[in-house]
Every structure is written in structure tokens, then in C-alpha cells.
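Asks: Take a look at this one; I'll ask things after.
The values are calculated or read from the model by the stated rules, or taken from the named source; none is laboratory data. The shown structure was predicted, so the numbers you read here are calculated from the model rather than taken from an experiment. Here the Cβ is made from the backbone with ideal geometry for all residues, glycine too, and neighbour counts use every protein chain on show. For the accessible areas, the whole protein counts, side chains as well, though only heavy atoms, and no ligand, DNA or RNA atoms are used. Shrake-Rupley method; radii C 1.70, N 1.55, O 1.52, S 1.80 Å.
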Amino acid sequence: SLSYDKLALCTGARPRRLSIPGAELAGVHSLRTAADVERTHEATSRSRRAVIVGGGYIGLETAASLRALGLEVTVLEATERVLERVTAPEVSAFFDRIHREEGVNIRNGALVAALSGDSKVRDVILANGESIPADFVIVGIGVQPNTELAAAAGLTVDNGVVIDDQTRTSDHDIVAAGDCASHDMARYGRRIRLESVPSAAEQAKVAAATICGKPKQIAALPWFWSDQYDLKLQIAGLNTGYDDVVLSGDPTKDRDFTCYCLRGGELIAADFVNCLRDFMVSAWSIV
């Protein structure tokens, strides 16, 4: 039993699992830890066909890596476009085009009903009855915050451990930071749990200051990045509630462009593909 004056909960998150028949078969992988990556790497050495469930960052980044290794890759996305939760349609269409040009078979609106095989996965069965052969399957359908300890301690939990802008939980002697934490962001007028390295680092700095009695507030603009092939996607801000899009460059032809998201004529977020200068300049202009 360890006593404390101040406690920090940085329990992170865990990958969501498929809740379908066959989900526990050998050859079904998620990507979260170094051990996960090693197991997946071992699978690639004796495989030809990979199926990825989920067309978010994890799914598309993995698709790019597997294509570089020469594997046949199919991405199954349940919604109507890849990256639907995090980007504008123009950006989704760009990455859809790039991956198809690189040889990835992207299937949007594809609902996975089951995985089949004896002791090891051999096929992915879609809701329409179609069967897609797979030597191994990677599941990238998001994460769940690890909040069990916080809940057992009686802390307020709502899609993560609820923190204020000083990272304090409902018990002010306990702070929380990272993927397990959610907080009200005045900039966006709602509670948000950000799953990103920059957000975790910002919250950790604030939590450390709070513990040391030198409170500061979470104020940094959310930003993210993704590396796929020769492309670096950088996102500044959250495009929640945008009503207009302005493009710099042509995402239907080029491999570099910027997508600005505006609300009421004000810049609230932007996506940059291979446009570092635009990213550095625009990040200071987002409301």
C-alpha cells in the first residue's frame, strides 16, 4: 500500500476489439505496443495477403507500410469514406486516391460480419456474404480509455477521466493526462478526449505544474500528424462545425496541398499535406 499527497493517472487506452465471430482467431492483430508491431512484422514475413479493418490513421498508415513490403492489402472501412471522423471529404478523397494508386484495395461501406478459419484466420466475411481471403488481419477501429481504476476510486468518468483545464480530476489531489483523459475545451464548447502525442505532452506539462503548485491551463492548439508513403499529413485545430472549405493546391492531382476549414469566415482548422510552411504559418491564425 502506497500513500500519496498527489497522484497522476496516466493509464492510456487500449485498442477496441471486434465483437464478431472469429475475432479471437490466431492471425488477428491490433497495433498499440512495440510487441504488437513485432508480432505483425513476423506475420508479414510469411504472408502475402493482409486485410485491414478500419480506414483511420492506424489503418492507412499500416496499409502504406505493408504495401512497401510488397503485400497485397485490402482496407475495409465501415463508413462511406476513409478518415471520415477526422478530415473533410476533400482530404478523404485525396488519401483514397493515393492508396488506390499505390495498389491498396479500399472498400468503403464494408461491414465486417465474421472472421473464419480453423485455428487461424483465413477469410474475412462481409455483411453482404462476400468472403475476402486473408493471411492475417489488422484491426484499427479506435481505442477505449483505461478508466477502470479511476471509476473504482470514485472519480467522474465520461469517455475518459474528466479533468479541468488544470488537469485536475473530481478529486483535486488527483490529476490525469493522455489518452485516458477528457476535458472541456472552451475553444470548441464541448468535452473532448484527444488521442495524440502532442495532446498527451501538453497535458503532462500542465499536470506536472499543477502537482508542483504552479498551476497553468491547457491552452495549446490541438494538432496531429500522419506519415503515409512520401506524404506527411499535419492537422492543426479541430474542424468541428466548419461550414466552408478553401483549398490551396489540387488534391485530385497533386501530392501536396492545404485544406482550410472555416466557420463564419474564420479559420478553425486546416489539413496540410507536404506543406510545412503553410502549417507553420496557419497554426498561428486558427481561432
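Asks: Write out, first by first residue and then by second, each pair whose Cβ atoms fall under 7 Å of each other, whose residues are 6+ apart or on separate chains, and whose first residue, in the stretch 14-41, is closer than 17 Å to Tyr57 by Cβ while the second is open to solvent by less than 30 Å² (accessible area, probe 1.4 Å) and assigned to a helix (DSSP H, G or I).
Replies: Close Cβ pairs (under 7 Å, with a partner that is open to solvent by less than 30 Å² (accessible area, probe 1.4 Å) and assigned to a helix (DSSP H, G or I)) amount to His29/Asp36; His29/Thr40; His29/Ala43; Ser30/Asp36; Leu31/Thr40; Leu31/Thr62.
Asks: While we're looking at this one, here's another question. Return the residues of the stretch 196-237 that are outside any strand (DSSP E or B), in contact with a strand residue (DSSP E or B) (Cβ under 9 Å, 6 or more places away or on another chain), at pLDDT below 95 and surrounded by fewer than 17 Cβ atoms within 10 Å (Cβ to Cβ); say none if nothing qualifies.
Replies: Within the stretch 196-237, Ser196, Val197, Pro198, Pro215, Leu221 qualify.
Asks: Can you give me the number of residues within the stretch 90-106 that are surrounded by fewer than 18 Cβ atoms within 10 Å (Cβ to Cβ) and either free of Cβ contacts under 8 Å to residues at least 60 places away in the same chain or in contact with a helix residue (DSSP H, G or I) (Cβ under 8 Å, 6 or more places away or on another chain) (or both)?
Replies: Initial filter on the stretch 90-106 (surrounded by fewer than 18 Cβ atoms within 10 Å (Cβ to Cβ)): 90, 93, 97, 100-103, 105.
Cutting the leftovers down to either free of Cβ contacts under 8 Å to residues at least 60 places away in the same chain or in contact with a helix residue (DSSP H, G or I) (Cβ under 8 Å, 6 or more places away or on another chain) (or both) gives us 100-103, 105.
Qualifying residue count for the region: 5.
Asks: Among strands (runs of 3 or more DSSP E) lying entirely in the stretch 104-182, which contain 2 or more residues that are under 16 Å from Ala50 (Cβ atoms)?
Replies: 105-108, 112-117, 121-126, 131-133, 136-139
Asks: Considering only residues of the stretch 252-287 that are under 11 Å from Gln234 (Cα atoms), among the hydrophobic types (A, V, I, L, M, F, W, C) and in a helix (DSSP H, G or I), which is least open to solvent (accessible area, probe 1.4 Å)?
Replies: Within the stretch 252-287, the match that is least open to solvent (accessible area, probe 1.4 Å) is Phe279.
Asks: Sticking with this one: Restricting the search to the stretch 238-251, which residues are of a type in the set (Gly, Ala, Ser) and not in a loop (DSSP other than H, G, I, E, B)? Before the answer, list the steps.
Replies: At the first step, the residues of the stretch 238-251 found to be of a type in the set (Gly, Ala, Ser) are 241, 248-249.
Ser248, the sole residue that qualifies.
Asks: Next up: Return the residue satisfying two criteria in turn: it lies in the stretch 1-13 and is hydrophobic (A, V, I, L, M, F, W, C) and over 21 Å from Gly59 (Cβ atoms), and of such residues it is surrounded by the most Cβ atoms within 10 Å (Cβ to Cβ).
Replies: The extreme case among them is Leu9.
Asks: Moving on to the next point. Can you list residue pairs whose Cβ atoms sit under 7 Å apart, with the first residue in the stretch 167-178 being of a type in the set (Lys, Arg) and the second being surrounded by fewer than 24 Cβ atoms within 10 Å (Cβ to Cβ)? Count only pairs 6 or more apart in sequence or on different chains.
Replies: From the stretch 167-178, the pairs are Arg168/Thr210.
Asks: Shifting gears a bit: Taking the stretch 167-195 as the search range and keeping residues that are touching a strand residue (DSSP E or B) at 6+ places or on another chain (Cβ under 8 Å) and either basic (Lys, Arg) or open to solvent by 40 Å² or more (accessible area, probe 1.4 Å) (or both), which one is farthest from Lys6 (Cα to Cα)?
Replies: Arg190
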